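The values are calculated or read from the model by the stated rules, or taken from the named source; none is laboratory data. None of these values were measured; they are calculated from a predicted model. Virtual Cβ from ideal backbone geometry, glycine too; neighbours counted across all protein chains shown. Protein only, heavy atoms only, side chains kept; ligands, DNA and RNA dropped before computing areas. Shrake-Rupley method; radii C 1.70, N 1.55, O 1.52, S 1.80 Å.
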Amino acid sequence: MRSTEALKKIIDYLADWQTEIGLEMIDAGVDSIMIGEDFADSRGTFMSPTHFREFILPALKRQTQMLRKSVPVILHHCGNISSVLEDIINETGADGLHPLQPEAMNIADVKRRVGDRVCLWGNISVNTLSLGSPEDVAKEVKERIKDCAPGGGYILGSSHSLIDSVKVENLYAMIKAAHKYGKYA
């Protein structure tokens with residue numbers, strides 16, 4: 001067996017396994033599913049867009065579409081996925097995209113490119129939440145709402161998860177700023 005065929009079989013196996021877990025979660029009553037793998041860092045994808053389209057995208061598309069039959073699917077892909085962003089959104093039909101790290105991606109650009117087809121979630125830097133002041137957090141929240149709220153399709157949230165380094169006062173500052181600035185017109 002050629003190495004490319006073996007790699008595709010491994011990727012398909014892992015996607016099928018994750019799909020089965022997702023289907024079990026759906027049977028247990030979840031309202032949505034978040035799936036994804038990290039295939040990029042802050043500079044770009046770990047592979048060429050051509051290789052991404054050949055090896056990763058078909059399995060991601062199959063997995064997303066299988067799970068979307070029952071619940072909304074949110075894709076979690078860290079890093080700078082700009083070079084394959086449209087491929088991911090156009091091919092998978094995912095309902096949401098998370099975490100949109102500000103250190104890796106400009107969310108205003110993402111909103112312009114795909115915001116009419118997918119809900120964007122995140123982009124409040126976990127670094128600001130961990131190391132910044134409440135004022136820094138409020139400023140970032142206000143900017144994200146200004147850039148992403150018009151037209152809907154934005155969920156304010158951390159650029160990853162609420163890791164243990166996040167300051168509680170900054171989490172409260174994010175919530176307070178969301179209430180202050182987060183009114184849809």
Could you check segment 1-41 and list, in sequence order, the residues that are of a type in the set (Gly, Ala, Ser) and either open to solvent by 70 Å² or more (accessible area, probe 1.4 Å) or assigned to a helix (DSSP H, G or I) (or both)?
SER3, ALA6, ALA15, GLY22, ALA28
Just checking: which of the helices (runs of 4 or more DSSP H) contained wholly in segment 84-150 hold 1 or more residues that are farther than 21 Å from ALA178 by Cβ and either out of contact with any Asp or Glu (no Cβ under 8 Å at 6 or more places or on another chain) or hydrophobic (A, V, I, L, M, F, W, C) (or both)?
85-92, 107-114
Give segment 76-115 a look and list any residue that's farther than 21 Å from ASP147 by Cα and buried (at least 16 other Cβ atoms within 10 Å of the Cβ), or say none.
VAL84, ASP87, ILE88, GLU91, THR92, ALA94
Examine segment 47-68 for a residue that is crowded, with 21+ Cβ neighbours inside 10 Å, outside any loop (DSSP other than H, G, I, E, B) and modelled with pLDDT under 95, and state whether such a residue exists.
no
Residue, farthest from ILE155 (Cα to Cα), within segment 61-82, restricted to residues that are touching a residue at least 12 places away in the same chain (Cβ under 8 Å) and charged (D, E, K, R)
ARG62
So which residues in segment 143-173 are of a type in the set (A, V, I, L, M), open to solvent by less than 30 Å² (accessible area, probe 1.4 Å) and over 19 Å from the mean Cα position of the chain (by Cα)?
VAL166, ALA173
